Amino acid sequence: MIFGRDNICAVVAAPTAPSMLHALKTALKQSSTIELRLDWLRNDREIELFIRRLRMRGKRACLIATLRRREGGGRYTGSVGRQMDWLEKAARADCACCDLEVESAARVDRGAIQALRRAGARVMISYHDFRRSPARPDAVIRRLAGYGGDAIKIAAQANKLVEAAKLLATARRRRDLVIVPMGEAGLPARILALREGSALAYAAVADSTAPGQLTVAEMRGLYRADKLDRRTRIYGVIGDPIAHSLSPQMHNAAFVERRVNAVFLPFLVRDLADFLAAREGFELAGFAVTLPHKRAILRHLDGCDPLAAQIGAVNTVVVRGRGKLCGYNTDYVGVLRALERRVRLAGSRILLLGAGGAARAAAFALAQAGAVVSICARRRSRAKALARAAGTEAIAREKLRGEYFDAVINATPVGMSAKDGLPLRANELNCRVVMDMIYRPMETPLLRMARRRGIETVSGIEMFLAQGMAQWEIWMGERAPAAIMRRTVLAKLRHEGSTKKEK
């Protein structure tokens, strides 16, 4: 075993020796394998002080000393000779491994690397590229292996999912290899790297030290990266943006509750063609679809539920035998379940804002439930096209001040960010109930305005949960564990709310 028993490596980085020691103490509660980013210490004096204090602590974990020079993407400004001296001292201070970047390895002789071994440490030769993934990973592996280390590491930016999948496949090459896909597009591969054979996965104790890096709590708790195996079924959600999605929290909690060997991952998909080219590399069993791909995905399906085809938007895909994609729409169910408790839908007047994928599901669902639906969108032509398809009507924005509705539903992304403003002005909000499909934040600016005017509000979380439960049932073929899914999502949102108040 090259490293310790714990294959999730917690990264410790701080500017001073006392703060570094404090971070190490925190990290030891999360993992027994720790990377010490000595290059984050602001000068040689702080490095010396930290190593001296480290020696006094004795052997408590598998410590990996890293003093990456700027040439290799780190922060250390000293010479290669000085770097090797500090790494040797770290090895004598009970660091079990020294990470030496290939730029430095190329400038020292084998004797310097052997000196680290004599000091008691194994040596990992590492390659970092913060701009792109290597076109030929095997060539990089051969180059790194040529320096005679005990392990090799490739950490590279994945700008596309096909690049992330390629890096993931590289993890299967040899047992002494560490693969670290970086960037938000590389995040799913970063989680799956241990499953594919990477000797380590890196995670932050608190603040990230690399693009796309998760915390130890997320890697171990939310995604169970160290528990995944070749039998684990892979699901995910695709969209742009995707970091805000609570689908991973909801579905992963459900998998744990029902003891299903599966994991749910977020996929940043800017280019749908890129995702479709990479999906087999991730061995996906199914995936959710969110903005902006709910309509575009239809062209790439091998089969589609008749209702989803009629709506013209898909938010749920099942991967069947031989990689066939079959699409469904559970937004339809979500909007009905969220609204029907507050409004008797048959005969009610409902204003629907937007004409995208979620709006299409809402328009068809409400129309078939007997509601009189008026659609208002920024582009009038799209509102008219959706109204014709769903058998409803389009309404011009300038007419809203003189109209009254039983309910208003926001199916646009306006309000997802604090900078967005409001989808409607106060004098246009004339109704009994307001529902916002945005669920993060739980109370959007639109809902806040409605509440202040005494209008009943419905959070988008209700629709989100209902459609998510329906998705889970399509994928699993059994009733969803509704209580744990609801409890997990609400707890996450409340935690975010309390954290914002503290700040």
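The values are calculated or read from the model by the stated rules, or taken from the named source; none is laboratory data. All values derive from a computational prediction rather than experimental measurement. Heads up, the Cβs are rebuilt from the backbone with ideal geometry, glycines too, and the neighbour counts pull from every protein chain shown.
Of the conditions (1) without any contact (Cβ under 8 Å) to a residue 60 or more places away in the chain; (2) touching a Cys at 6+ places or on another chain (Cβ under 6 Å); (3) not hydrophobic (A, V, I, L, M, F, W, C), G183 satisfies every one except a single condition; which number is it?
The one condition G183 does not meet is (2).
Answer with yes or no whether F264 is over 23 Å from A171 (Cα atoms), aromatic (F, W, Y) and not assigned by TED's automatic domain parsing to the domain that holds I438.
When the stated conditions are applied, F264 does not pass them.
Of the conditions (1) surrounded by 20 or more Cβ atoms within 10 Å (Cβ to Cβ); (2) touching a helix residue (DSSP H, G or I) at 6+ places or on another chain (Cβ under 7 Å), Y202 clears all except one; give me its number.
(2)
Residue by residue, here is whether (1) of a type outside the set (V, I, T); (2) in contact (Cβ under 8 Å) with a residue 60 or more places away in the chain holds:
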{"position": "G4", "(1), (2)": "yes, yes"}
{"position": "V12", "(1), (2)": "no, yes"}
{"position": "L21", "(1), (2)": "yes, no"}
{"position": "Q30", "(1), (2)": "yes, yes"}
{"position": "R37", "(1), (2)": "yes, yes"}
{"position": "L41", "(1), (2)": "yes, no"}
{"position": "R52", "(1), (2)": "yes, no"}
{"position": "R68", "(1), (2)": "yes, yes"}
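Select from the stretch 366-392 the residues that are surrounded by 23 or more Cβ atoms within 10 Å (Cβ to Cβ) and among the β-branched types (V, I, T) and list them in ascending order.
V373, I375
When the stretch 346-355 is examined, which residues are found to be part of a strand (DSSP E or B) and hydrophobic (A, V, I, L, M, F, W, C)?
Hits for the stretch 346-355 are I350, L351, L352, L353.
Could you tell me which numbered condition Q83 fails, if it satisfies all but one of (1) buried (at least 20 other Cβ atoms within 10 Å of the Cβ); (2) in contact (Cβ under 8 Å) with a residue 24 or more places away in the chain?
If we test Q83 against (1) buried (at least 20 other Cβ atoms within 10 Å of the Cβ); (2) in contact (Cβ under 8 Å) with a residue 24 or more places away in the chain, just (2) comes out false.
Going by what's in this entry, would E280 be described as surrounded by fewer than 16 Cβ atoms within 10 Å (Cβ to Cβ) and either in contact with a His (Cβ under 6 Å, 6 or more places away or on another chain) or more than 20 Å from L161 (Cα to Cα) (or both)?
So E280 fails the test.
Any idea how many residues of the stretch 300-326 are surrounded by 16 or more Cβ atoms within 10 Å (Cβ to Cβ) and either outside any helix (DSSP H, G or I) or in the same structural domain as A365 (by TED's automatic domain parsing) (or both)?
13
Working only within the stretch 356-379, note down all residues that are touching a strand residue (DSSP E or B) at 6+ places or on another chain (Cβ under 6 Å) and part of a loop (DSSP other than H, G, I, E, B).
Residue satisfying the conditions is A371 alone.
So the check is Cβ under 7 Å with 6+ separation or different chains; which pairs have a first residue in the stretch 403-424 that's within 16 Å of I350 (Cα to Cα) and assigned by TED's automatic domain parsing to the domain that holds P441 and a second one that's assigned to a loop (DSSP other than H, G, I, E, B) and among the hydroxyl-bearing types (S, T, Y)?
So the pair list comes out as D406/S348; A407/S348; P423/T412.
Has the stretch 457-475 got at least one residue that is touching a residue at least 12 places away in the same chain (Cβ under 8 Å) and more than 30 Å from V260 (Cβ to Cβ)? Even if it seems obvious, please write down each step before you answer.
Initial filter on the stretch 457-475 (touching a residue at least 12 places away in the same chain (Cβ under 8 Å)): 457-472, 474-475.
Right, trim to more than 30 Å from V260 (Cβ to Cβ) and you get 457-458.
Within the stretch 457-475 (the criterion being touching a residue at least 12 places away in the same chain (Cβ under 8 Å) and more than 30 Å from V260 (Cβ to Cβ)), the answer is yes, since at least one residue qualifies.
Based on what the data block shows, is G347 small (G, A, S), modelled with pLDDT under 95 and not assigned by TED's automatic domain parsing to the domain that holds L222?
For G347, the condition - small (G, A, S), modelled with pLDDT under 95 and not assigned by TED's automatic domain parsing to the domain that holds L222 - is not met.
Of the residues L54, L41, only one is modelled with pLDDT of 95 or more and either surrounded by 15 or more Cβ atoms within 10 Å (Cβ to Cβ) or not assigned by TED's automatic domain parsing to the domain that holds A201 (or both); which?
Result: L41 is the single residue among L54, L41 that is modelled with pLDDT of 95 or more and either surrounded by 15 or more Cβ atoms within 10 Å (Cβ to Cβ) or not assigned by TED's automatic domain parsing to the domain that holds A201 (or both).
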